[in-house]
1. Condition test on B:Ala90, is it touching a Lys or Arg at 6+ places or on another chain (Cβ under 8 Å), at pLDDT 95 or above and buried (at least 19 other Cβ atoms within 10 Å of the Cβ)?
2. Sort out which residues of segment A:88-114 are under 23 Å from A:Asp50 (Cα atoms) and outside any loop (DSSP other than H, G, I, E, B), and write them in order of number.
3. Are any of the residues in segment A:57-74 part of a helix (DSSP H, G or I), within 14 Å of chain B (Cβ to nearest Cβ), closer than 20 Å to A:Ser21 by Cβ and open to solvent by 10 Å² or more (accessible area, probe 1.4 Å)?
4. With respect to the numbered conditions (1) closer than 17 Å to A:Ser42 by Cβ; (2) open to solvent by less than 30 Å² (accessible area, probe 1.4 Å); (3) without any contact (Cβ under 8 Å) to a residue 24 or more places away in the chain, which one is the sole condition not fulfilled by A:Gln138?
5. Are any of the residues in segment B:139-160 out of contact with any helix residue (DSSP H, G or I) (no Cβ under 9 Å at 6 or more places or on another chain) and of a type in the set (A, V, I, L, M)?
6. Looking only at segment B:97-145, filter to residues that are of a type in the set (Val, Ile, Thr) and within 19 Å of B:Ile63 (Cβ to Cβ); which one of those is farthest from the chain's Cα centre (by Cα)?
7. I need a count of the residues in segment A:22-46 that are open to solvent by 10 Å² or more (accessible area, probe 1.4 Å), within 10 Å of another protein chain (Cβ to nearest Cβ) and either farther than 18 Å from A:Val222 by Cα or not charged (D, E, K, R) (or both).
8. I'd like to know if segment B:104-113 contains one or more residues that are within 14 Å of another protein chain (Cβ to nearest Cβ), of a type in the set (Lys, Arg) and in contact with a Ser or Thr (Cβ under 9 Å, 6 or more places away or on another chain).
Number of protein chains: 2
Amino acid sequence: VLKALLTDIDGTITRPDRRISTGSVETIRSLVDSGIDVVLASGNTSCFMDALCKMIGTQGTFIAENGGVYRIGFSGSLVISGDQTVVRSALSIVQDHFSKKGIPLDLFSPTYRFADIAFARTVPAEEVKLVLRDYPVQVIDTGYAIHLQAPGINKGTALVALAEKMGLAPADFLAIGDSVNDIQMLKTAGIGITVANAHPDTKAAAQYIATKEYGDGFVEAVEKYYPYFRARNRSTTI
Amino acid sequence: VLKALLTDIDGTITRPDRRISTGSVETIRSLVDSGIDVVLASGNTSCFMDALCKMIGTQGTFIAENGGVYRIGFSGSLVISGDQTVVRSALSIVQDHFSKKGIPLDLFSPTYRFADIAFARTVPAEEVKLVLRDYPVQVIDTGYAIHLQAPGINKGTALVALAEKMGLAPADFLAIGDSVNDIQMLKTAGIGITVANAHPDTKAAAQYIATKEYGDGFVEAVEKYYPYFRARNRSTTI
């Protein structure tokens, strides 16, 4: 029995052009309207995720910054994990390295991030990893951005923490994603699935791989599991 | 001839439950894909508007904070109008007034606002106006929030400024909205229209009123004007 859905955004409920898939939006709304909690999980900022929750129409619960931040419900407070100080130091090292080559980093929403740092893939992720090989920081290439994250934090660790605060177990969740940074949450959830465009390593961690890509694959896969969802007792404190 | 669309969000491209209308999203995408600029205008924060532009898939141009902030394109910088100092002073007066009655104000995203201040409609807008009657600040009740704004700033003044930077005239825009804070932009644009759920004063300022409400009215009205849109020379600097 599944009680909640946890879904990645980019590459999973988007179209190939990165616009949100309206079919995915309708699928999420039908779950929400059936009393199923839908949690959005992304490397994006909490402000971005709040906007997405409102416009799609979920209960407002999200994981942002690849697990560095989460929030339960629209009125919940942001819970921040990991030390951004170490991430900011790592960023300085990377900036120094590339500025010597005359390449400035294109930071994504730095003032709206509380846990990780994200920048454009205008520099090779492998070179960033090499520069930071002895530094206690994760370098994550999601295919959409390069993220610097405190060690031991990912969407899976955030799932464990938020599930407990929601009065659920990670096993109650169906998780769906496409990137390597989704692997931990797919493994942590009761059932982990991917869309057809997922990274091979992500597919290897999944119990089901949709035959369709992007948002169409999301709709296909979630509809397949729809009979296993049960609305939990809504008197549970959120 | 119309060259761009300027649209309000809440009440105009949403459904009655405040979720975004997927029909409106598809209508906006068809304009964008035809080379027509679509500008989103709202009382919401610039971060929220950025998320919406990405999710819908516009060119990234928006008016936020009811005209207090605008941006041209995803890579544009925020342009902030009006002095938030006077707005913050006005907020203190309002907070003092209601705290004496034991009513705390519920501020909306205060750290993400650069021009106006917004709070929940848990206090009467008329009482806020009375408290600030001698203070140089606008009190705007959009039906979704109460906003405090520097004088002389609205979505219409932002339209004048951003149109010039886009190499367009306000007369090149079709503007659509529903609330009283949309009136100035409807009057400033070449053609101003409303959805059927619009405020009577907003309808009075419009050249066309859709027969349908909310997102359905948006789709109906924009489709009516679709033959009058012409993609402008895309070599124009944005």
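The values are calculated or read from the model by the stated rules, or taken from the named source; none is laboratory data. None of these values were measured; they are calculated from a predicted model. With ideal geometry, Cβ positions are generated from the backbone for all residues, glycine too; neighbour counts draw on all protein chains shown. We work out accessible area using only protein heavy atoms, side chains counted, and drop any ligands, DNA or RNA first. Shrake-Rupley method; radii C 1.70, N 1.55, O 1.52, S 1.80 Å.
1. No; evaluated as a whole, the condition is false for this residue.
2. Once the filter is applied, which keeps residues that are under 23 Å from A:Asp50 (Cα atoms) and outside any loop (DSSP other than H, G, I, E, B), segment A:88-114 yields A:Leu107, A:Pro110, A:Thr111, A:Tyr112.
3. No, there is no match, as no residue in segment A:57-74 is part of a helix (DSSP H, G or I), within 14 Å of chain B (Cβ to nearest Cβ), closer than 20 Å to A:Ser21 by Cβ and open to solvent by 10 Å² or more (accessible area, probe 1.4 Å).
4. A:Gln138 satisfies every listed condition except (2).
5. Checking segment B:139-160: at least one residue is out of contact with any helix residue (DSSP H, G or I) (no Cβ under 9 Å at 6 or more places or on another chain) and of a type in the set (A, V, I, L, M).
6. B:Ile117
7. Final tally of qualifying residues: 4.
8. yes
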